[in-house]
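J.: Attaching a single structure in structure tokens format; questions to follow.
The values are calculated or read from the model by the stated rules, or taken from the named source; none is laboratory data. Nothing here was measured: the structure is a model prediction, and the numbers come from that model. Don't worry about glycine lacking a Cβ; one is built from the backbone with ideal geometry, like all the others, and counts go over all protein chains shown.
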Amino acid sequence: MSESVQEKTFDLAIVGKLLGMVKEFYPNLVLAIFFMILSALGELFLPILIKNIIDQVSKLALEGRLDQFPISDAILYLGILVSTMGANFLQIFLLSLLSQNLILKMRNRLYIHLLGQSMSWHQNQRVGKLVSALTSDLDTLSDFINNLISGFLRDILLMVGVVAVLFSVNTSLGLITVIAFPFVVFLIVFFRKQSRSAFRRVRKAVSSLNTFVNEHLSGISIIQLFTQEEATKSRFDTENREALNASLGEMYVNATFRPLIDVILSLSLGLIIWFGGGMVLDGWITLGTLVAYIELVRLFFRPVGEFAEYFSIIQSAMAGSERVFGLLEQHSEIPDTGQYEFPRDQVGLEFQNVTFGYVPGETVLSDLSFQIPPESTVAIVGYTGAGKTTITNLVARFWDPWSGRILANGRDLRDYRLQSLRHHVQGVLQDVQLFHGTIRENVTLGRDIDDFELREAARRSRLDKILERLDKGWDTELSNNGTNLSSGERQLVSFARVLCQNPAILILDEATSNIDSETEQLIQEGLTEVLRGRTSIVIAHRLSTIRNADRILVLDRGRLIEAGTHQELLDRKGLFYNLYLLQFQRSDSPTDFKSGRQGFR
């Protein structure tokens with residue numbers, strides 16, 4: 001939260017943006033305000049009606065005519081009471097409907113906006129911050145709309161109306177009541193500052209506690225591995241107590257403010273009863289007027305106790321809105337200006353003098369040029385940091401080159417529609433990302449795929465062997481990221497996913513490393529099917545895959561050093577040979593490295 005927002009209880013710029021979002025809901029807003037005014041007027045009119053009833057009953061009692069009780073006034077009172085309650089209900093209902101629809105609209109807009117941002121932008125964002133913006137920050141806007149109109153504005157209108165009615169009924173009692181106003185204003189201003197300070201401390205403490213919990217639960221394996229449970233408990237207790245103390249501080253402010261308001265209310269009522277009682281006895285005012293004044297003063301002080309809470313809600317909404325609109329105003333998108341559909345098959349790639357880096361001034365690829373013929377498998381090898389994964393990121397247009405061009409069938413990738421390109425350029429990674437849901441949902445990814453196509457994809461990827469062992473088959477529910485499957489089984493799910501999506505270009509980034517021996521054979525069989533009939537880029541992992549590649553590219557510090565078949569590169573005894581030999585020497589079991597049965601990374 002920025003300091004500028006913390007110091008502002010009410011930011012007109014943010015309110016203006018919110019009103020812009022509310023435009024399509026103006027009918028609901030106008031109706032809600034209309035019913036709010038009706039509700040306030042009803043509450044103001046009831047004490048006056050009570051005055052009339054009491055005065056009439058008093059007069060009838062003195063004249064001995066109580067049998068002529070003003071039934072019509074009593075019925076009118078009940079009618080206004082019911083109408084006021086109905087208007088209040090409609091106001092709350094319409095505002096809730098407006099706020100929830102607005103949150104739905106803003107949440108969709110923000111989520112779509114986040115999906116469209118570039119990978120470089122996402123790498124610089126904290127996931128927790130984005131999740132918070134989509135959930136709790138937007139929820140504060142709902143509280144803001146409901147409390148600002150149905151609470152704060154209504155109470156202000158009611159208080160102003162009470163003062164007007166007080167003076168219109170009797171100026172003398174009105175002046176007596178006004179004596180309390182400066183004290184009320186002072187308390188509101190003073191406790192608003194105290195509430196703001198307490199609110200900021202609570203937000204800071206809760207944020208710190210959430211960050212601590214998120215980091216340490218995500219790294220629970222490290223905590224247990226290094227036996228840091230006790231130290232972590234101690235630090236958590238410190239964070240937890242700070243959150244407790246901050247919350248108690250905020251409660252202390254509210255607990256002090258409300259009783260003081262009650263004291264002022266009691267003193268005001270005491271003065272009115274004292275002076276008003278004497279005025280009734282002297283015949284200056286009627287008993288009904290005194291009762292009406294007491295009710296009006298109660299009505300005036302009733303919302304004052306809520307003001308401290310209103311200020312906290314408004315400030316929280318300002319901070320949440322600032323974060324939400326701040327994200328919406330950030331733009332770091334890959335330009336989608338292409339006009340052509342990406343080819344469905346027979347796609348060849350060409351890098352022409354491509355230079356790129358993730359950070360300005362730090363080059364990862366330098367003047368890189370090579371070609372990948374259609375439906376061929378090209379492996380890319382090199383030491384860590386050579387730029388292997390960067391090549392695949394550029395092919396999928398997660399980033400664009402600083403200079404040079406990447407061509408698909410002779411056309412620059414930027415000339416293709418981004419959605420079409422991403423649909424036909426897909427990857428299988430070492431760490432398979434699975435989502436909460438069934439295996440079927442993780443394979444189809446929302447596409448309408450018939451059962452025959454699913455079964456065929458499962459057969460070709462060898463996922464069918466796994467499904468046969470699962471009681472619910474395709475409908476097996478996956479736990480968080482599919483941890484109820486082994487690493488090899490998760491990889492087979494990703495193979496089936498690729499076969500269903502049927503991309504023209506396939507990227508394999510360490511896709512068969514760290515697999516369990518039980519599914520290794522299935523993985524190799526499934527991989528053969530996945531690679532068949534499509535252009536494939538393979539980041540080097542196991543030599544059993546690399547040996548079958550049509551061509552191997554050897555990178556060193558972002559430059560192409562060697563290129564050729566597996567045997568050609570071994571015979572050349574250059575960088576590839578050294579990498580191969582290094583892997584062979586690290587292997588636990590001696591193997592003729594020319595047979596290519598050992599892997600390297």
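J.: Which residue out of Ala255, Ala246, Ala198, Ala205 is out of contact with any helix residue (DSSP H, G or I) (no Cβ under 9 Å at 6 or more places or on another chain), of a type in the set (A, V, I, L, M, F, W, C) and assigned to a helix (DSSP H, G or I)?
T.: On the way: Ala246 fails: out of contact with any helix residue (DSSP H, G or I) (no Cβ under 9 Å at 6 or more places or on another chain); Ala198 fails: out of contact with any helix residue (DSSP H, G or I) (no Cβ under 9 Å at 6 or more places or on another chain); Ala205 fails: out of contact with any helix residue (DSSP H, G or I) (no Cβ under 9 Å at 6 or more places or on another chain).
Criteria check complete, one pass: Ala255.
J.: Of all residues in region 162-219, which are among the β-branched types (Val, Ile, Thr) and under 30 Å from Lys233 (Cα atoms)? Full working, then the answer.
T.: Residues of region 162-219 that are among the β-branched types (Val, Ile, Thr), as a first pass: 162-163, 165, 169, 171, 176-179, 184-185, 188-189, 202, 206, 211, 213.
Correct list: Val202, Val206, Thr211, Val213.
J.: Is it true that some residue in region 438-446 is modelled with pLDDT under 80, surrounded by fewer than 16 Cβ atoms within 10 Å (Cβ to Cβ) and more than 22 Å from Arg532 (Cα to Cα)?
T.: yes
J.: On to the next question. Tell me, yes or no, whether region 177-189 has at least one residue that is of a type in the set (Ser, Thr, Tyr), within 30 Å of Phe275 (Cα to Cα) and surrounded by 18 or more Cβ atoms within 10 Å (Cβ to Cβ).
T.: We begin by selecting, within region 177-189, every residue of a type in the set (Ser, Thr, Tyr); these are 177.
With within 30 Å of Phe275 (Cα to Cα) added as a condition, the list becomes 177.
Still in the list and also surrounded by 18 or more Cβ atoms within 10 Å (Cβ to Cβ): 177.
Within region 177-189, one or more residues are of a type in the set (Ser, Thr, Tyr), within 30 Å of Phe275 (Cα to Cα) and surrounded by 18 or more Cβ atoms within 10 Å (Cβ to Cβ).
J.: Looking for whichever is at pLDDT 80 or above and out of contact with any strand residue (DSSP E or B) (no Cβ under 8 Å at 6 or more places or on another chain) here; the options are Gln521, Gln585, Gln567. Which one fits?
T.: Values: Gln521 fails: at pLDDT 80 or above; Gln585 fails: at pLDDT 80 or above.
Unique residue meeting the criteria: Gln567.
J.: Could you tell me which of the residues Leu29, Leu44, Leu49 is under 23 Å from Phe167 (Cα atoms), crowded, with 16+ Cβ neighbours inside 10 Å, in contact (Cβ under 8 Å) with a residue 40 or more places away in the chain and not acidic (Asp, Glu)? Steps first, answer last, please.
T.: On the way: Leu29 fails: under 23 Å from Phe167 (Cα atoms); Leu49 fails: in contact (Cβ under 8 Å) with a residue 40 or more places away in the chain.
Among Leu29, Leu44, Leu49, only Leu44 is under 23 Å from Phe167 (Cα atoms), crowded, with 16+ Cβ neighbours inside 10 Å, in contact (Cβ under 8 Å) with a residue 40 or more places away in the chain and not acidic (Asp, Glu).
J.: Going by the structure shown, is Arg460 closer than 19 Å to Val538 by Cα and in contact with a helix residue (DSSP H, G or I) (Cβ under 6 Å, 6 or more places away or on another chain)?
T.: Details: closer than 19 Å to Val538 by Cα: no; in contact with a helix residue (DSSP H, G or I) (Cβ under 6 Å, 6 or more places away or on another chain): yes.
So Arg460 does not fit the description; no.
J.: Continuing with the same structure: Return the pairs, sorted by first residue and then second, in which the second residue is surrounded by 15 or more Cβ atoms within 10 Å (Cβ to Cβ) and assigned to a helix (DSSP H, G or I), the first residue lies in region 445-473 and is among the acidic types (Asp, Glu), the beta carbons are less than 6 Å apart, and the residues are 6+ apart or on different chains.
T.: Correct list of pairs: Asp464/Ala458.
Yes/no per residue for (1) closer than 30 Å to Leu134 by Cβ; (2) at pLDDT below 85; (3) among the hydrophobic types (A, V, I, L, M, F, W, C); (4) outside the structural domain of Arg532 (by TED's automatic domain parsing):
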residue	(1), (2), (3), (4)
Phe300	no, yes, yes, yes
Glu341	no, no, no, yes
Val359	yes, yes, yes, no
Asp367	no, no, no, no
Pro374	no, no, no, no
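J.: Can we say Leu290 is of a type outside the set (Phe, Trp, Tyr), touching a Gly at 6+ places or on another chain (Cβ under 7 Å) and assigned by TED's automatic domain parsing to the domain that holds Ile103? Even if it seems obvious, please write down each step before you answer.
T.: Numbers: of a type outside the set (Phe, Trp, Tyr): yes; touching a Gly at 6+ places or on another chain (Cβ under 7 Å): yes; assigned by TED's automatic domain parsing to the domain that holds Ile103: yes.
In short, yes.
J.: Looking at region 1-104, what helices (runs of 4 or more DSSP H) fall wholly within it and have at least 3 residues that are aromatic (Phe, Trp, Tyr) and modelled with pLDDT of 85 or more? So that I can check it myself, show each step before the final result.
T.: On the way: elements: 3-7, 12-22, 26-63.
Result: 26-63.
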